[in-house]
1. Once you put a point 7 Å from the Cα of Tyr51 and another 7 Å from the Cα of Ile32, both along the Cβ direction, what distance in nm separates them?
2. In whole Å, largest first, what are the principal axis extents of the Cα atoms in region 23-75?
3. In region 23-75, if the dipole is taken from +1 on Lys/Arg beta carbons and -1 on Asp/Glu beta carbons about the Cα centre, which of Asn75, Val61, Ser40 is farthest to the positive end?
Amino acid sequence: MIAPIESLGTSKTLTRRGSHPTDADRNRQEQILTQTESTSENIVSRSLGKYPAAAIVSSVVVGLTIGWLIKRKWNG
């Protein structure tokens, strides 16, 4: 089974030793998370995590189709 991708939480904010995260640190972290959530790579990762069976079936269908096309071309 595919494990979900861990996202950065406020508890994992990198700060100086002994200091607490400031509002600017939190705002910067929220901006980074917002920017990375909209990429197509994350959309694919989330859909693979939600529907692993569909991902396997679709990859098998694509593989069979490519194999059939190659066999058809070589055997004329």
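1. Modelled inter-label distance: 3.2 nm.
2. Sorted from largest, the Cα extents of region 23-75 read 66, 22, 10 Å.
3. Asn75
Bear in mind that the values in this text are calculations on the coordinates, not laboratory data. Being a predicted model, the structure only gives us computed values, none of them experimental. Glycine also receives a Cβ, built like all others from the backbone with ideal geometry; neighbour counts cover every protein chain displayed.
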